[in-house]
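Here's the structure, in structure tokens; my notes come after.
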Amino acid sequence: MRELHRLLLASESHELADEIARLFDDISRSVGHRLAAGETMPPLDVLETDSTVEIDVDLPGVPADQLRVLIKNGVVIVAGEKLPQDAGERADGSFHLVERGFGHFARAVRLTGAFDSGRARATLQGGELRIVIPKIAERRGQEIAVPISQSDDDGHPPDRA
């Protein structure tokens, strides 16, 4: 798990890496044990519209109580755990191939621009987590006229008579 943090956050501050470690610890405590299975990396898409950034993460079989979404220092972090299927469900045979990943995961997406992270919303439906983060209107490429005042050579405004 620590290797995943180093890979994902090599250029990030230690504070952010520590926050992800705390998220993993919280999730592990809520499950009651720490899996030795490893980690997985769910695929995601990032879409920017005129008014939002939307992040879609494929998380089939992951319940909402096993997920954490956090925005800190302009980085959206999705962390959680996908539990393996119960061995009791498949006691009638043995697997010859297992490709579906399970275990802890964390994905980090750096936001560029100005966003209203306080209004961000996440929904989990049909195995897909969708995070919608609104852009701040003043910075959506609108032109903002900045008034220019004129001063004399000493830096004082000119006298108006």
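Residues in region 132-141: is at least one at pLDDT 90 or above and β-branched (Val, Ile, Thr)? Before the answer, list the steps.
Narrowing region 132-141 to residues at pLDDT 90 or above: 132-135.
Retained after the next criterion (residues that are β-branched (Val, Ile, Thr)): 132-133.
Checked region 132-141: at least one residue is at pLDDT 90 or above and β-branched (Val, Ile, Thr).
Among the numbered conditions (1) within 26 Å of Thr40 (Cα to Cα); (2) modelled with pLDDT under 90, the only one that Ala114 does not meet is (1).
Among the residues of region 124-136, the one identified as without any contact (Cβ under 8 Å) to a residue 60 or more places away in the chain and under 21 Å from Asp50 (Cβ atoms) is Ile136.
Taking strands (runs of 3 or more DSSP E) as the structural unit, those lying wholly within region 46-86 and holding at least 2 residues that are under 14 Å from Ala122 (Cβ atoms), small (Gly, Ala, Ser) and touching a Lys or Arg at 6+ places or on another chain (Cβ under 9 Å) correspond to 75-82.
In this structure, is Arg110 within 26 Å of Asp18 (Cβ to Cβ), surrounded by fewer than 17 Cβ atoms within 10 Å (Cβ to Cβ) and touching a residue at least 12 places away in the same chain (Cβ under 8 Å)? Quick ask: steps written out before the conclusion?
On the way: within 26 Å of Asp18 (Cβ to Cβ): yes; surrounded by fewer than 17 Cβ atoms within 10 Å (Cβ to Cβ): yes; touching a residue at least 12 places away in the same chain (Cβ under 8 Å): yes.
So Arg110 passes the test.
The residue that is farthest from Lys135 (Cα to Cα), among those in region 36-61 that are at pLDDT 90 or above and hydrophobic (A, V, I, L, M, F, W, C), is Leu59.
The values are calculated or read from the model by the stated rules, or taken from the named source; none is laboratory data. Being a predicted model, the structure only gives us computed values, none of them experimental. Cβ sites come from the backbone with ideal geometry, for glycine too, and all protein chains shown count toward neighbours.
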